[in-house]
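Below: the structure, in C-alpha cells.
Throughout, read-outs are computed from the coordinates displayed, never taken from laboratory work. In this text, all values refer to a predicted model and were calculated from it rather than measured experimentally. With ideal geometry, Cβ positions are generated from the backbone for all residues, glycine too; neighbour counts draw on all protein chains shown.
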Amino acid sequence: MTGRNTKTLWLALAVAVALLWTFLPMYWVVKYAFMTKTEIARFPPMLYPPDPMLASFFNIFGFDYTTAEGTVFKASGQARQIILGLRNSLIVALVVTAITTLVVVPLSYVFARLQFPFKGKLLAAILLSVSLPPVSTLIPFYTLYVQLGLTGTLFGLIVVTLTITIPIVAWMLIGFFRNLPPVELLARVDGFSRLYTLTRIIVPMARSGIMVAAVIAFLFSWNEYVYAQILVTGSNAVTLPAAMSGFLFQVPEPAQLAASLLLSLLPPFCIAFFLQKHIAEMHIA
Amino acid sequence: MARIDLHNIVKTYGSHHAVENLDMTIEDGELLVLLGPSGCGKSTTMNMIAGLTEPTSGKILFDGADVTSHSPHQRNIAMVFQSSLLYPHLSARDNIYMSLKRSGLSKQEINARIAHAAETVDVTRLLDKMPSQLSGGERQRVATAKAIVREPAGFLLDEPLSALDASLRLSLRAELVNLQKRIRTTMIFVTHDQVEAMTMGDRIGVMRKGRLEQIGTPTDIYNRPATLFVAGFVGVPPMNFLKGALEKADGRLWLTNPSLKMEIKGEFANAAPQKEVILGIRPHLMRLTEAGASALPLTVYAIEQLGNEAIVICDGPDGGKIRVVAPAGFTAPVGARLDATFDSAAARLYDPASERVLAVTGKA
C-alpha cells in the first residue's frame, strides 16, 4: 500500500468516527420515536424499530392512536404543553430574531467601521456579556421579574433572550463587517449619506452575513432552555424545551419524548438546509 | 477640469504630523504624480484634495474657489482607490451608474454617459459582469470608467496599479497617460514606485515625512534633485554618494577625501568651501578607467548584466557601495580592483547637515 492510500484510509476512518460521534445519539432518538415502550425497554437494545409506527407523533399532539391490531396508544398528558410550547417558541424565536437583527446590524456596523471615544471599552463590555454564563444572571433576573410581574410572560422571556442573542450576534457581525472592502470611501465620493450607505450599500453587500446572524439569533432563542425553565415553565408562556422537560417528571414516555425532540429539531434542520450556501459564504468572508 | 491650489496645508493626527505646511499648485489638465515611501503623507494629501480628510489648517482652492469644507461630491472629484475598489455586489454598469446617481441627470443622459465612458476605456462588453468576474486589469478599467463618467474637476488615483503584476502595470500605465491626454482632466496619481512616477507624470512631487521635498518635471527631478532624499529615491540604479571636503586652492575648488582629489567644475565651481559635503553622481555618468590621481579606487562586489549594459556594484573607498554602468558583457572577478572617473560638472553637491543641494551664487 502506498503512503497516499494509507493517508486516505486514515482520513476516511477519522471522518467515519466523527460522523458516528455526531449521528449515533441522534439516530438513537430518531429510533425511539418510532418504537413502543416495550420495544425500547428490550435488552440488548434493538438497533432499529422492528415495526416503525407514528403513534408518538399523534400522542404528543393530543390524539389517541389505534394500530391495525387494535392496540390503543393514549394521548400524552403533556400534549397541551407541547402545543403551547411549539407556538410560544415560534413567537419568541421570530420576535427575538427580528429585534436582534434590527439592533445588531447598525450596532455592529458602527463598531466595525467607525472610530469613536471609548470604543475599545464598549467592545470589551459586549465581549464580557458574551462570556457571561446565563446562570450567573438567572437569579437576579428571576427576583427582578417576580417584582415586575414578568414571570410567565412571553414579553419577559423575549427581553431575557435578547440579552443573550444581541451580544453574541453583534460579536459575530462585527468581525464580518470588518472584512468588507472600504466601500464607504466610494460612497462618499459618489455623494451618498451615511444612512444611505448603510441601508442601501452595506446591508445588501452583507446580506449573507446578516442572514446567518439572524439564523444564529433564531437558533439561540429556539434552543434557550435555562431561562425558560425558571421563568415560564407551567405557565401559558411555556416554550418547547421547557414543555419537553415536563416528560422527565412523569411516568416515563421515552417514545413521546423522542418524538417531541424530533419536532424541536425540525426548524433548525430546515434553516440549516436552506441556508447552507450563505453559511459557506460567511466562512470565506 | 480645474486648477488645484493647496495653501499651507497642515494635517496632524494627535501629535503626529502627517502633512506639514504644504504649498502646491496643480495646473489645469496636468498629470501630477505624488511620489514617496509609505507614510510620507502622499495619500493623506490626496484624501485632503478629494475632500475625504479635512486638513487641520490651510486652504484648498479649485479654480480659485475655496473648497476646503466641501464634500468630495461637491468638489466633483473622481477617485480610483487602491486595488481599484468597486462595490462588490453591483455589476460593472451599476458601479459606474452609482457615480451619477446623485447627479440629477436624466435617465437618458446617464445611459449615454455610461456608454461613452465605457467605450472610452473599452469596457463595453464587461458592463454586465460582477467585479468578482473581472481580472485585475479589467477592474482597473471599470474603476476608471466609473471615475471619468462624472466628467470630474479632478481625477485622483491612489496606487491603483500596485496590486497588479508587472507586465499588466506597464500597459495600464501607458493607457492611463493616454486617457489623461485625451480627456485633458487634471489628474493626481499617488505611488511609491519611482519608475511609475517618472514614466507617467507631467510633474512629480516627491514627499517625505509629510513634507514636499521637490516638485518638478521628471527630467528636472532626475537631473537636478534638490535634496539627498530625492537624489537617492529617484533613478535606477540609485545615485552614488561620496563624502569629502570642499577646499579652495589656486583659485579653484577641490573636493578632497583620503582617496580622491578632484577639481569641481560646472555650476558648483563657485560654491563656498566647507568641511563636509556629499557629492552625488549618477552611475550612468561614471566610467571605468586606468588608475590615476582623479580616479576613484573601487573593489568589485557584484556585477548585474542587464543585456544592454552591465551594472558594476563596487565597495567604494569610504565603505558605501558605488555603482558604475559599464558596457554590456563587462566582466571582472569579485574582489578585483577597478578605478572609475567622472566629470565633476555632472555631479551634484549636498550639505550633509541640511540634506539640501549646496547654494551657488553667480556663474561658473
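Given R₀ = 41 Å, what would the calculated FRET efficiency be for residue A:102 paired with residue B:109, taking r from the Cβ atoms and rounding to 0.05? Walk me through the numbers before you get to the answer.
Details: r = 38 Å, r/R0 = 0.93.
So the FRET efficiency works out to roughly 0.60.
Among B:162, A:56, rank each residue by its count of other Cβ atoms within 10 Å, from fewest to most, as a rough exposure measure.
On the way: B:162 14, A:56 26.
Exposure proxy ranking, most exposed first: B:162, A:56.
Please list the non-local residues whose amide H lies under 5 Å from the amide H of residue B:244, H modeled 1.01 Å from N, same-chain partners needing a gap of 5 or more.
B:277, B:279
For the protein assembly as shown, what D do you get in µm² per second when you plug the Kirkwood radius from alpha-carbon pairs into Stokes-Einstein at 37 °C and 0.692 mPa s? Don't skip to the end; give the middle numbers.
Numbers: Rh = 31.7 Å.
In µm²/s, the coefficient rounds to 104.
To the nearest 0.05, what FRET efficiency results for residue A:41 and residue A:178 with a Förster distance of 51 Å applied to their C-beta separation?
On the way: r = 55 Å, r/R0 = 1.07.
Using R0 = 51 Å, I get an efficiency of 0.40.
How large is the dipole of chain A about the Cα centre if only Lys and Arg carry +1 and Asp and Glu carry -1, each at its Cβ, rounded to the nearest 20 debye?
Working: 17 positive and 9 negative charges, 176 e Å.
Roughly 840 debye for chain A.
Specify which residue in the list A:206, A:89, A:232 is farthest towards the positive end of the charge dipole of the range A:79-284, using unit charges on the beta carbon of Lys, Arg (+1) and Asp, Glu (-1), about the Cα centre.
A:206
Label-point separation (nm) for residue B:17 and residue B:359, each offset 7 Å from Cα along Cα-to-Cβ?
Placing both labels 7 Å beyond Cα along the Cβ direction yields 2.1 nm.
Out of residues 5 or more away from residue B:70 or on other chains, whose amide H comes under 5 Å of its own, with H placed 1.01 Å from N in the peptide plane?
none
Quick one: putting +1 on the C-beta of Lys and Arg, -1 on the C-beta of Asp and Glu, what dipole do you get for the protein assembly as shown around its Cα centre, in Debye to the nearest 20?
On the way: 57 positive and 48 negative charges, 139 e Å.
It comes to approximately 660 debye.
Per 0.36 nm of contour for each residue apart, how much would the distance between residue A:80 and residue A:15 grow if the chain were fully extended, relative to their Cα-Cα spacing?
Values: separation 65, 0.36 × 65 = 23.40 nm, distance 4.16 nm.
My answer for the length gained is 19.2 nm.
State, as an integer percentage, the relative contact order of chain B based on alpha-carbon contacts under 8 Å between residues 6 or more apart.
Values: 784 pairs, mean separation 56.0, N = 364.
Value for chain B: 15 percent.
With everything on Cα atoms, drop me the angle between helix A:79-113 and the longest principal axis of chain A, reported from 0 to 90° to the nearest 10.
So the inclination is approximately 20 degrees.
Tell me, what HN-Hα J-couplings in whole Hz come from the Karplus equation 6.51 cos²θ - 1.76 cosθ + 1.60 at θ = phi - 60° for each residue of the range B:23-37, using x for Gly and Pro?
Once rounded to whole Hz, the list reads 10, 7, 10, 10, 5, 4, x, 8, 9, 9, 9, 9, 10, x, x.
What GluC sites (Glu not before Pro) in the range B:256-364 are in a loop by DSSP, with at most 13 other Cβ atoms within 10 Å of the Cβ?
On the way: sites: B:263, B:267, B:276, B:290, B:304, B:309, B:355; in loops: B:290, B:355.
Sites meeting the loop and neighbour criteria: B:290.
Using Cβ contacts closer than 10 Å as the measure, can you line up B:220, B:202 from fewest to most?
Details: B:220 14, B:202 17.
Lowest to highest Cβ neighbour count: B:220, B:202.
Grab the Cα-Cα distance for residue A:277 and residue A:24, subtract it from 0.36 nm times how many residues apart they are, and report the gain in nm with one decimal.
On the way: separation 253, 0.36 × 253 = 91.08 nm, distance 2.60 nm.
Using 0.36 nm per residue and subtracting the Cα-Cα distance, I get 88.5 nm.
Could you pull out which residues in the range B:107-123 have an amide N less than 14 Å from a spot 7 Å beyond the Cα of residue B:175, following the Cα-Cβ vector?
B:118-123
Across chain B, how large is the tail of the calculated P(r) beyond 28 Å, expressed as a percent of all Cα pairs? Display every interim value, and only then the final one.
On the way: 35592 of 66066 pairs.
Everything past 28 Å amounts to 54 percent.
Given the DSSP H assignment, sum -39500 (n - 2.57) over each helix run of at least 4 residues in chain A and divide by its residue total; what's the result at 222 nm in deg cm²/dmol, nearest 500?
Values: 13 runs with 195 residues, N = 285.
After summing the helix terms and dividing by the residues of chain A, the value is -22500 deg cm²/dmol.
Would you work out the charge dipole size for the range B:1-153 about its Cα centre, treating the Cβ of every Lys and Arg as +1 and the Cβ of every Asp and Glu as -1, and quote it to the nearest 20 debye?
620 debye
So what is the calculated 222 nm ellipticity per residue for chain B, using -39500 (n - 2.57) for each DSSP H run with n of 4 or more, over all residues, to the nearest 500 deg cm²/dmol? Don't skip to the end; give the middle numbers.
Values: 9 runs with 84 residues, N = 364.
Helix-only estimate at 222 nm: -6500 deg cm²/dmol.
Rg and Dmax of the range A:1-153 over Cα atoms: what are they, in angstrom?
Considering the range A:1-153 through its Cα atoms, Rg and Dmax are 25.3, 74 Å.
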